[in-house]
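The values are calculated or read from the model by the stated rules, or taken from the named source; none is laboratory data. Being a predicted model, the structure only gives us computed values, none of them experimental. Every residue, glycine among them, receives a Cβ derived from its backbone with ideal geometry; neighbour counts consider all protein chains shown.
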Amino acid sequence: MTHDEMIAQAVALLKPHQVDDRVHGDVASIVVAENGDVFGGVCVDTTSWGICAERAALAAMITAGQYHFTKVVAVWRNEDTSQIHVLPPCGVCREFMRQIAPVNLEAEVVLGRERSMTLRALLPEHEWPASLA
């Protein structure tokens with residue numbers, strides 16, 4: 001799946017819904033599992049606890065019994081300009097991706113139409129440190 005295809009599928013999931021001063025569904029994510037299955041998710045922003053779009057998509061993947069993904073992208077639409085932005089995963093999402101399965105460190109994180117990095121490159125200090133002994 002190309003970056004543009006992934007971005008387009010994520011954009012199709014954007015359905016922002018405002019509740020008080022919070023917006024749900026204004027960030028969407030697509031995850032491609034190792035076997036090629038595609039899972040989507042959106043953010044849920046609450047005052048007490050929320051979930052990022054990437055973790056929502058990964059939860060759908062895990063619900064389907066899969067734990068290894070090869071690609072992930074997240075998008076946000078600026079409602080003022082209608083411009084689409086590809087977002088890097090936050091630190092919590094990066095760590096979540098790693099902890100699902102160590103092989104996910106080699107997954108491609110899409111950062112734009114022509115740009116991507118491995119999760120390993122985005123999360124370089126992930127190894128448990130050696131003892132100071």
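A few remarks follow.
- Among the candidates Val42, Val109, the residue that is over 25 Å from His17 (Cα atoms), surrounded by 18 or more Cβ atoms within 10 Å (Cβ to Cβ), among the β-branched types (Val, Ile, Thr) and at pLDDT 95 or above is uniquely Val109.
- Scanning region 14-68 for residues being touching a residue at least 12 places away in the same chain (Cβ under 8 Å), within 18 Å of Pro88 (Cβ to Cβ) and among the hydrophobic types (A, V, I, L, M, F, W, C) gives a total of 13.
- Taking helices (runs of 4 or more DSSP H) as the structural unit, those lying wholly within region 1-102 and holding at least 1 residues that are touching a strand residue (DSSP E or B) at 6+ places or on another chain (Cβ under 8 Å) and small (Gly, Ala, Ser) correspond to 3-13, 53-63.
- Meets criteria (more than 16 Å from Met1 (Cα to Cα) and touching a Pro at 6+ places or on another chain (Cβ under 7 Å)) for Glu54: yes
- Residue list for region 88-121, restricted to those being of a type in the set (A, V, I, L, M) and within 17 Å of Val32 (Cβ to Cβ): Met97, Ile100, Ala101, Val103, Leu105, Ala107, Val109, Val110, Leu111, Met117, Leu119
- Some residue of region 79-90 being buried (at least 18 other Cβ atoms within 10 Å of the Cβ) and among the small types (Gly, Ala, Ser): no
- Meets criteria (within 24 Å of Val11 (Cα to Cα) and modelled with pLDDT of 95 or more) for Val103: no
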